[in-house]
Amino acid sequence: MGATAEIIVFYILAAVITVSSILAVTSRKMLRAATFLLVVLLCTAGLYLLLNYHFLAVVQLSVYAGGILILFIFAILLTSSKGDRSESHDRRRRIAAFAAALAGAVITIVATAKHKVLYGDNATILGDNEIPMKQIGHALIGDGKYEYLLSFEALSILLLACIIGGILIARKR
């Protein structure tokens with residue numbers, strides 16, 4: 001893909017992420033908000049692909065979009081009744097939220113303008129020095145220093161506890 005096409009795809013993904021994020025936060029229906037969050041996670045995987053980080057894109061799709069979001073949806077469906085809506089916020093909270101969002105946007109624009117974000121001389125950003133999948137796999141599942149087997153085991157226990165909690169909540173109904 002040419003440089004111009006990559007910039008166009010980046011801006012399209014950024015616009016979809018921005019709009020979907022706003023809709024996820026402002027939506028009154030929880031299931032609809034989770035759907036907008038799914039769109040955000042899918043577009044984030046698209047950004048990873050645009051940067052040639054294939055492993056991160058696959059992890060984003062499988063773990064977050066495939067696993068965590070499905071867990072969110074199950075929790076929403078198990079704990080809410082039909083037609084549940086979120087409460088309306090008062091004016092002070094809306095002004096504070098708008099001010100925080102505006103401050104975040106200004107910080108992001110300043111940081112983006114100050115540094116080269118899309119392109120640079122770094123070979124990793126350009127995708128020339130991508131780490132092989134075998135090396136990533138050994139680092140994730142190994143049990144030595146700087147390897148993450150214990151983290152995966154702790155995460156699996158946490159997810160198991162969430163599943164058991166969801167089952168217990170569903171049985172009470």
query: For L41, are the conditions met, namely being in contact with a Leu (Cβ under 8 Å, 6 or more places away or on another chain), in a helix (DSSP H, G or I) and of a type outside the set (F, W, Y)?
result: yes
- prompt: Does L42 fit the bill of being touching a helix residue (DSSP H, G or I) at 6+ places or on another chain (Cβ under 7 Å), in the same structural domain as L78 (by TED's automatic domain parsing) and at pLDDT 90 or above?
  reply: yes
- prompt: Which residues, counting only those in the range 57-82, are surrounded by 16 or more Cβ atoms within 10 Å (Cβ to Cβ) and hydroxyl-bearing (S, T, Y)?
  reply: Y64
- request: Report, ordered by the first and then the second residue, all pairs with beta carbons closer than 7 Å, sequence separation of six or more or different chains, a first member in the range 134-159 that is more than 17 Å from Y64 (Cα to Cα), and a second member that is surrounded by fewer than 10 Cβ atoms within 10 Å (Cβ to Cβ) and of a type in the set (D, E, K, R).
  value: L149/D143
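The values are calculated or read from the model by the stated rules, or taken from the named source; none is laboratory data. It should be emphasised that the depicted structure is a prediction, and the values quoted were computed from it without experimental measurement. Using ideal geometry, Cβ is built from the backbone for each residue, glycine included, and neighbour counts are taken over all protein chains shown.
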